[in-house]
Amino acid sequence: MPRVQTIVLLTGFLSLTPCALIGQSEPSVQANAEGIRQLSDEVHAAEQRLQASEKELADLKTRLAALESTLAAGASPANDAERPVAPPPADLADTVSMQATQIATLDQTKVESSSKFPVKVSGIALMTASINSTGVDSPIDPTAALGGPGNTSLSLRQTVLGLDAEGPHLAGARSSADLRVDFYGAAAAGSYGSAGGLLRFRTAHAALDWQHLQLFFSFDRTLLNPNTPSSLVQMAEPGLSWSGNLWTWMPQLGASARFGQHHSLVLQGAWVSPPDAPYPAIPYTSSRSVLATLTEASRSLGAEGRIGFESGDPARGLRVGVGGYFAPHTLPNVGGFDSWAATMDVRIPLGTRADFTANAYRGAGLGGLGGGGYKDFVTDTEGTQVYLRAPEDTGGWTQLALHLRPTLDWNNSFGMDNVFGHDLRAYAPSRSGYGSIARNRTVTSNIIWSPRPYLPFSFEYRRIYTAPVIGPLWNTNVFAFAAGYRF
């Protein structure tokens, strides 16, 4: 900087010199001319020194960039021991020292697995509170109205923890995996641990991704239901569960192929092992092994497939798909039945501030997928003869999401699961609770506000209508609030 100021002052002096020479004697003029030549030589030398300094600075920047690349690549300084490197100036040394400190800090905060590949910890510490006007199946995350007095809850059991890992490349494919758990597992009633709940396995994925192909195994909702309603209050069981949302998590082994970039045809298929529905809650016969689900007892896996079309933004763009599902079930010493479903899903962006999403299905024995009125089958007994039936079912859900501001969303949704009454009526006299439910409907409206990406808040109103096949309609109003911290 001083050199530049010197050059500016000299230039100003030279510009004033001709005026100052007017009226002087010839010797004085010659002396001044000699002084001007000397000053001109000094200015020229200063310009050369300045150019040399700029070249040296550019060379130092190049060396610094190379050093940063070496540090980012994790190279050992020993690899560059034979390279002569000029000692950096003081300011450059300070910069390198600061960056080395930042790299060391990042290295300390990185979680590393035994495979030496990085693992990211994520999740949300979530507090939920709800007021239920009448009796429900779960005070914390109700999905059905069951009559009786209401209740109030305050809980952190819907807190979610997650791990995300990036692995090595295999045959040109990128490998990755993730895992999610919460604390919604059932604890013994009346114990001090019942308020806290137990650690529960939620979802998991592992995949090999090529440009147009993915091979995966997972524990998650069915491929037939790629969309899910938006809710911060309902995390233990997603929004509209048992009211048209086929949400249940199950083991899957499959593949997905994508053809095209901005407009893509998607083909998906997987072997699945669906869980048993909540009803009946205990083994139907003493000979049934409690370690085997009805599908596992059939000695065969289920299957699902979906064909979809996607366009635009993967998170909010157009998406349309149709799918199918089939799974055999065996009830030891009683008989068997087949679960099946045909499905359709759609997501339509409505400008930049709204989205419309919907799923629909028609099938039978869908309790394992989150439909069927909480049951896969119903039975009736006459003497020693047991009659078994998988009730047919239809349902679905819709949601209109309004993005009022980047930090504020307003979601309105409706869902319904409707078991055919003629499939249940003959069995209803001996059934109560879940066993008699023929229809479950839920209307939901919630506001999700995130003043910061890691600080979400939500208020939600829910109206649940649960209709038994015989008897009066049960309904409840749910007023719920949630506050979370994402990490």
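The values are calculated or read from the model by the stated rules, or taken from the named source; none is laboratory data. Given the structure is predicted, the values throughout are model-derived calculations rather than measurements. A quick note on method: Cβ atoms are made from the backbone with ideal geometry, for glycine too, and the neighbour counts reach across all protein chains shown.
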Just checking: which of the strands (runs of 3 or more DSSP E) contained wholly in the stretch 336-417 hold 2 or more residues that are within 30 Å of Leu232 (Cβ to Cβ)? 354-364, 392-405
Got a sec? Which of Arg452, Arg425, Arg439, Arg463 is over 30 Å from Ser122 (Cβ atoms), surrounded by fewer than 16 Cβ atoms within 10 Å (Cβ to Cβ), among the basic types (Lys, Arg) and assigned by TED's automatic domain parsing to the domain that holds Asn245? Arg425
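The rows are residues; the columns are (1) closer than 26 Å to Phe420 by Cβ; (2) hydroxyl-bearing (Ser, Thr, Tyr); (3) under 20 Å from the mean Cα position of the chain (by Cα).
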| site | (1), (2), (3) |
| --- | --- |
| Arg306 | yes, no, no |
| Asp313 | no, no, yes |
| Leu318 | no, no, yes |
| Asp338 | yes, no, no |
| Asp345 | yes, no, yes |
Residue list for the stretch 343-363, filter: in contact (Cβ under 8 Å) with a residue 60 or more places away in the chain and acidic (Asp, Glu): Asp345
Considering only strands (runs of 3 or more DSSP E) wholly within the stretch 118-185, the ones with at least 2 residues that are under 19 Å from the mean Cα position of the chain (by Cα) and hydroxyl-bearing (Ser, Thr, Tyr) are 173-185
Considering every residue within the stretch 374-381, establish whether at least one is surrounded by fewer than 17 Cβ atoms within 10 Å (Cβ to Cβ) and free of Cβ contacts under 8 Å to residues at least 60 places away in the same chain. yes
Members of the stretch 321-362 that are among the hydroxyl-bearing types (Ser, Thr, Tyr) and more than 17 Å from Gln268 (Cα to Cα): Thr330, Ser339, Thr352, Thr357, Tyr361
In the stretch 201-230, anything farther than 28 Å from Trp340 by Cβ and under 13 Å from the mean Cα position of the chain (by Cα) is listed as Ser230
Within the stretch 409-456, how many residues turn out to be over 19 Å from Trp397 (Cα atoms), modelled with pLDDT of 95 or more and touching a Pro at 6+ places or on another chain (Cβ under 8 Å)? 3
Report yes if some residue within the stretch 196-207 is in contact with a Phe, Trp or Tyr (Cβ under 8 Å, 6 or more places away or on another chain), assigned to a loop (DSSP other than H, G, I, E, B) and surrounded by fewer than 16 Cβ atoms within 10 Å (Cβ to Cβ); otherwise report no. yes
Only one residue in Arg353, Arg319, Arg299 is basic (Lys, Arg), in contact with a Lys or Arg (Cβ under 8 Å, 6 or more places away or on another chain) and in the same structural domain as Arg221 (by TED's automatic domain parsing), so which one is that? Arg319
Just to verify a result, which residue in the stretch 382-404, among those that are at pLDDT 95 or above and over 25 Å from Asp338 (Cβ atoms), is surrounded by the most Cβ atoms within 10 Å (Cβ to Cβ)? Gln399
Regarding the stretch 446-463, can at least one residue be identified that is in contact with a helix residue (DSSP H, G or I) (Cβ under 7 Å, 6 or more places away or on another chain) and closer than 30 Å to Gly367 by Cα? no
Going residue by residue through the stretch 183-201, is there one that turns out to be in contact (Cβ under 8 Å) with a residue 60 or more places away in the chain, of a type in the set (A, V, I, L, M, F, W, C) and more than 20 Å from Asp313 (Cα to Cα)? no
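Here's the yes/no breakdown for (1) closer than 17 Å to Phe183 by Cα; (2) modelled with pLDDT under 95:
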site	(1), (2)
Val119	no, yes
Met127	yes, no
Thr134	no, no
Pro142	yes, no
Leu146	no, yes
Asn151	no, no
Could you check how many residues of the stretch 364-373 are more than 21 Å from Ala292 (Cβ to Cβ) and buried (at least 24 other Cβ atoms within 10 Å of the Cβ)? 2
Kindly list the number of the only condition in (1) under 21 Å from the mean Cα position of the chain (by Cα); (2) basic (Lys, Arg); (3) within 23 Å of Phe309 (Cβ to Cβ) that fails for Arg362. (1)
Look through Asn418, Asn411 and report the one residue that is in contact with a Ser or Thr (Cβ under 9 Å, 6 or more places away or on another chain) and free of Cβ contacts under 8 Å to residues at least 40 places away in the same chain. Asn418
